[in-house]
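Each reported figure results from applying straightforward, stated rules to the coordinates on display, with no laboratory input. On a predicted model such as this, the values are computed, not experimentally measured, just so you know. Positions of Cβ are backbone-derived with ideal geometry, glycine not excepted, and every protein chain shown enters the neighbour counts.
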Amino acid sequence: MSQIRPFPPTELIDRADEEEALRLAPAPDLKDWVIANYLTVEGELYNPDHDHIAEMLHDNEEFLSFAWASSAAVAKKRMVLGQCEKVMFNQGGWRKARQEQQMRDWYGFVPIYLITIDASFCEQATDRDFCALIEHELYHIGVERDDDGEPLYSDMTGLPKHYLAGHDVEEFVGVVKRWGASENVKRLVEVAKQAPFVSDVNISKCCGTCVIS
Ligand SMILES: [Zn+2]
């Protein structure tokens, strides 16, 4: 199964340039591609860590949606290329109604989780960088697990208990330099020494072969 990875609509970036403003657009093709390649057992980039997402989407397509942003967001002086959020409109009234209407106009429903990807990055990114960014955002949808690593299910809903997961490792280079690596940093370093599990062949099969050099 050879496919081409989804690219953002060029119209989105052109129009954002014209308006000198950030624009957003729904990305249903990106969702289909993620399901086919990461969340399906036969998929080239399949990862059982995300089975709990696949299970949710199987029952309820409203669990997760994707969007393109015309350019990166800047948060805490860092460029944000992707974002995973739990869609919660805390305010009430017309503001909440307006935000929910936006979601319904885009997707036909208000999703529980929303992953937004920087379209201008994706236009230029290598297939490997693009695929890694998507997987990074998927890992932000965490599920509570028991001591054996099995997902925990809610007694009320019978569904996996999801939450917005933080990063496994967040550290300053200066701290490691001065104080040494924490257990989490050591674990990351050990994994980084191994060859990546996903090969260029896997990537070429779901992204097309044009970008692999
Ligand atoms: Zn992140």
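Overview of values
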{"item": "Long-range HN-HN contacts of R145 with modeled amide H, under 5 Å", "result": "L152"}
{"item": "Residues M79 and K186, FRET efficiency given R0 of 25 Å [Cβ-Cβ distance, rounded to 0.05]", "result": "0.35"}
{"item": "Unit charges at the beta carbon, dipole of the chain: most positive-side option, A97, L12, V80", "result": "V80"}
{"item": "Projected label distance in nm at F172 and D51, using a 7 Å step from Cα toward the beta-carbon", "result": "4.1"}
{"item": "Cα-based shape type of the range 10-207, given that a ≥ b ≥ c are square roots of the gyration tensor eigenvalues and the cut on a/c is 1.5", "result": "rounded"}
{"item": "Mean separation of Cα contacts under 8 Å, 6 or more apart, over the residue count of the chain: relative contact order %", "result": "24"}
